[in-house]
Amino acid sequence: MKPVFVMNGPNLNLLGLRQPEIYGAETLADVVAGLTTLAGDLGLAIEAMQSNHEGEIVEMIHRARSAAAGIIINPGAYSHTSVAILDALNAYEGPVLEVHITNIHKREAFRHHSFVSARADGVIAGFGTMGYGLALRRMAAVLGV
Ligand code: CA2
């Protein structure tokens with residue numbers, strides 16, 4: 001089976017390095033290592049990527065059209081602004097799960113709306129970095145593995 005793409009948007013490369021009181025102590029490398037192990041246990045593979053650039057994320061999603069069994073995406077701040085990422089996801093045919101480390105509905109009003117949620121098959125918010133693993137378990141179920 002093709003890998004599940006795990007995409008992270010802007011500033012998530014700083015995970016574990018700044019603001020641990022908001023985003024937790026795990027680094028992005030820690031999260032990816034945990035997901036890689038979990039994917040093996042579930043009979044899946046992942047390909048992890050991160051970008052601080054909107055157009056690069058759009059291009060990752062275009063590549064997913066032929067290369068990914070599903071997409072788990074934390075679009076970061078682009079969740080709240082990017083019609084381009086929503087349009088790219090709308091051109092992707094597989095399952096899409098959206099993850100937010102924090103509960104965006106408990107934060108500032110400008111974080112309450114996510115453009116990506118209009119395409120996502122499921123959304124996890126506020127479970128900390130555990131949310132990525134929960135999304136991967138759900139992805140395994142959706143893909144029937
Ligand atoms: O809760 C989430 O996962 C967010 O997608 C994170 C975004 C934020 O703009 C969204 O509203 C909610 C911000 C990611 C910034 O990540 C950092 C991690 C550590 C230190 C600084 C930033």
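The values are calculated or read from the model by the stated rules, or taken from the named source; none is laboratory data. Remember, it's a predicted structure, so these values are computed and weren't measured experimentally. With ideal geometry, Cβ positions are generated from the backbone for all residues, glycine too; neighbour counts draw on all protein chains shown. All accessible areas refer to the heavy atoms of the entire protein, side chains included, with ligands and DNA or RNA removed. Shrake-Rupley method; radii C 1.70, N 1.55, O 1.52, S 1.80 Å.
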How much accessible surface does I101 have with a 1.4 Å probe, in Å² rounded to 10?
-> 10 Å²
Table column - 3J(HN,Hα) (Hz), region 111-122, Karplus curve with 6.51, -1.76, 1.60, x for Gly and Pro | 8, 6, 9, 10, 4, 5, 4, 5, 10, 5, 7, x
Have a look at I85, I104, I124 and tell me which one the Gaussian network model of the chain (Cα, springs below 10 Å) gives the largest fluctuation.
-> I104
Net lengthening on full extension, L134/M49 (0.36 nm per residue, minus Cα-Cα) = 28.8 nm
Kirkwood hydrodynamic radius of region 48-104 from all distinct Cα pairs, in Å?
-> 11.6 Å
For region 4-143, the per residue accessible area (1.4 Å probe, Å²) is 47 Å²
Identify which of G76, G24, G131 has the largest mean-square fluctuation in a Gaussian network model of the chain, with springs joining Cα atoms closer than 10 Å.
-> G24
Cα→Cβ-extended label distance, 7 Å offset, between Q19 and E93, nm = 3.8 nm
State the Kirkwood hydrodynamic radius of region 4-66 in Å, one decimal place, computed from all pairs of distinct Cα atoms.
-> 12.7 Å
Please list the equivalent ellipsoid semi-axes of region 4-143, computed as the square roots of five times the alpha-carbon gyration tensor eigenvalues, in descending order and whole angstrom.
-> 20, 19, 14
Heads up, I need the accessible area for Y78: 1.4 angstrom probe, whole protein in place, Å², nearest 10.
-> 50 Å²
Can you give the helix-only mean residue ellipticity at 222 nm for the chain, where every DSSP H stretch with n ≥ 4 adds -39500 (n - 2.57) and the sum goes over all residues, rounded to the nearest 500 deg cm²/dmol?
-> -11500 deg cm²/dmol
How long is the gain from D41 to A67 if the chain were fully straight, where each residue apart is worth 0.36 nm and the alpha carbon distance is subtracted?
-> 7.2 nm
GNM on the chain, C-alpha springs below 10 Å: top fluctuator among H100, H62, H112?
-> H112
Which percent of the accessible heavy-atom area of region 4-143 goes to carbon and sulfur, probe 1.4 angstrom?
-> 53 percent
Given a cut-off of under 8 Å on Cα pairs at least six residues apart, what relative contact order in percent is computed for region 4-143?
-> 27 percent
